[in-house]
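Here, each number is a calculation from the coordinates, and none is a lab measurement. For clarity, every value in this text was computed on a predicted model and none was experimentally measured. In this analysis, Cβ positions are derived from the backbone assuming ideal geometry, glycine residues included, and neighbour counts consider all displayed protein chains.
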C-alpha cells in the first residue's frame, strides 16, 4: 500500500500524541501538532481510516491500527537514527537536526536504515534522549524521573528532555545543560517550584520550575 508523505506525517503526529500513555488523539491535538485546520485533519483522518491505518471513534478521538502503528514506528525509527547521524557524524547541534530528519525519514529504503543503524553502533536513544525503536519496533526502556521529582541532596545524570523545540534546546545550551551532565539538587523553592542545582559539581544555578519538569534524569 502506497501512502503519501503527508499521510506519513499525520500517522507520526498521532503516534507522538498517544506515545505518552494517551489512549487516543483528539482532532484539536492533531490540528495543533500538524499546524493545520481541524477541517483538514477531519478529511485526512477519513482518508487514513479508509486505508485501515487509523480508527476514529466519535467523542473518543483517533488511534492507530496495528498497520498504522507499524508505519509510524518505523518513521520514528528513521527520524531518530538520522538525528544521531547528524549530531555524531556531521557535528550538527541537537537543536539543528529535527527539520532535516523530518525530510530524511521519508526515504523508503529498508536496507539503508539497516546499514545506518549498524554504522552508528545500533544506538538505543537519540540526541534528545528519546528511545529509538529497533527493526522490530521495540523501544528501549530505562528508569528516569523529571528533575523536579528529585529531593534535596539527590543527584542524577541528564538523559533526556520532554521538549525538543529549538528555543528550549538553545536555552539549555546557554545554561550548560545537556545529556550526560551531572546534577545535584541543593534547594527547592516552593513559591515558584524553581530549584537550585549544581552542575558537574562545579557550577551552581537556579532552574525554573518549567525547565525542571522538562529535564529527565537517571538517579545516581
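Out of the residues in the stretch 75-91 that are crowded, with 17+ Cβ neighbours inside 10 Å and over 14 Å from the mean Cα position of the chain (by Cα), state the one that is nearest to residue 174 (Cα to Cα). Looking at residues that are crowded, with 17+ Cβ neighbours inside 10 Å and over 14 Å from the mean Cα position of the chain (by Cα), I get 87. Tell me which residues, restricted to the stretch 190-207, are touching a residue at least 12 places away in the same chain (Cβ under 8 Å) and surrounded by fewer than 15 Cβ atoms within 10 Å (Cβ to Cβ). Once the filter is applied, which keeps residues that are touching a residue at least 12 places away in the same chain (Cβ under 8 Å) and surrounded by fewer than 15 Cβ atoms within 10 Å (Cβ to Cβ), the stretch 190-207 yields 192, 193, 200, 201, 203, 204, 205, 206. Of the numbered criteria (1) on the phi > 0 side of the Ramachandran plot; (2) touching a strand residue (DSSP E or B) at 6+ places or on another chain (Cβ under 8 Å), the one residue 193 fails is (2).
Taken over the stretch 156-193, the criterion of being more than 25 Å from residue 33 (Cβ to Cβ), part of a strand (DSSP E or B) and under 24 Å from the mean Cα position of the chain (by Cα) is satisfied by 156, 157, 158, 182, 183. Go through 136, 69, 148 for me and flag whichever is surrounded by fewer than 19 Cβ atoms within 10 Å (Cβ to Cβ) and either more than 25 Å from residue 23 (Cβ to Cβ) or touching a strand residue (DSSP E or B) at 6+ places or on another chain (Cβ under 7 Å) (or both). Every option except 148 fails the conditions.
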